[in-house]
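Just so you know, all these numbers are worked out from the coordinates, no wet-lab data involved. Here the structure is a predicted model, which means the values were calculated and not measured. Cβ coordinates were reconstructed from backbone atoms using ideal geometry, including for glycine residues, and neighbour counts include every protein chain displayed.
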């Protein structure tokens, strides 16, 4: 049990985050480690500008995780940004340094890569990424690092590497065997929702990865499993990124 009685505060910054995995995970971790003076809170903000109020009201914050929709909007509030996070263009972890600076990191990429690599096969050369938010940027970073070609799928494609859901056809799915859902579609309680694509063309050659972890098997994953595809939810990724955040906060 720690002898230092000063409360050391950590937390999650996001919007509509009552479902948070992180709060429960770190509460259990602190208990297991006997860190009675460590607390993890949810900071549910309507707008990112309210972040300044969080800082003013909680001078004992030592580290934060960042989730939807602030992984990109948080940048102007940071004093420093880690090289990898800068390349990705999204931050999901903030370390409060001894000098009082806020330094941004991205542990999503670490979590995704280490949970994905054991599942990759020789035919996983091309991928589709559903969604274009902060999480999808970390996914794209990992795919590029591992020489997997990819396209973003968006409801309103505006950039060169983006296509519409309507562009996903039999021909595309026959040559694209890795499909990653970075959208919130299918998250509890709206478990019947899923990205629109012709699931009938999926096969045992496909690997479907859903960043959602609640429910354990989303409709997206269930439809893939029915066609013999390998499926993976986002729980291990979250556990890995959480542990990497903990390492950063304590380094």
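Using C-alpha pairs below 8 Å separated by at least 6 residues, the relative contact order for region 8-106 is 28 percent. In the chain, the DSSP-assigned H stretches of four residues or longer account for a calculated mean residue ellipticity at 222 nm of -8500 deg cm²/dmol, using -39500 (n - 2.57) per stretch and the full residue count as denominator.
The Cα center of region 90-149 and the Cα center of region 197-212 differ in position by 20 Å.
Given region 1-68 reduced to its alpha-carbon atoms as identical point scatterers, what log10 I(q)/I(0) does the Debye formula return at q = 0.25 Å⁻¹? Those come out to -1.11, one per q.
If you take the alpha carbon atoms of region 51-102 and fit the smallest convex hull around them, that volume is 78 Å³ per residue.
Working note: Cα gyration tensor of the chain, eigenvalues times five, square-rooted, sorted largest first, giving semi-axes of 34, 19, 16 Å.
Rounded, prolate or oblate: which fits region 110-236 when a ≥ b ≥ c are the square roots of the eigenvalues of the alpha-carbon gyration tensor, with rounded for a/c under 1.5 and prolate only if a/b beats b/c? It comes out rounded by the Cα gyration axes. On the principal axes of its alpha carbon atoms, region 151-205 extends 33, 31, 16 Å, with the longest extent given first. How high is the FRET efficiency from residue 35 to residue 57, r the C-beta distance, R0 22 Å, rounded to 0.05? About 0.50, to the nearest 0.05.
Extension gain for the segment residue 147 to residue 99, taken as residue separation times 0.36 nm less the Cα-Cα distance, is 13.4 nm to one decimal. In this label model, residue 164 and residue 50 are separated by 3.6 nm, measuring between points 7 Å along each Cα→Cβ vector. Highest mean packing comes first when the peptides 162-170, 89-97 are listed by Cβ atoms within 10 Å, giving 89-97, 162-170. Here the label points at residue 6 and residue 120, each 7 Å from Cα along the C-beta direction, are separated by 4.3 nm in the simple model.
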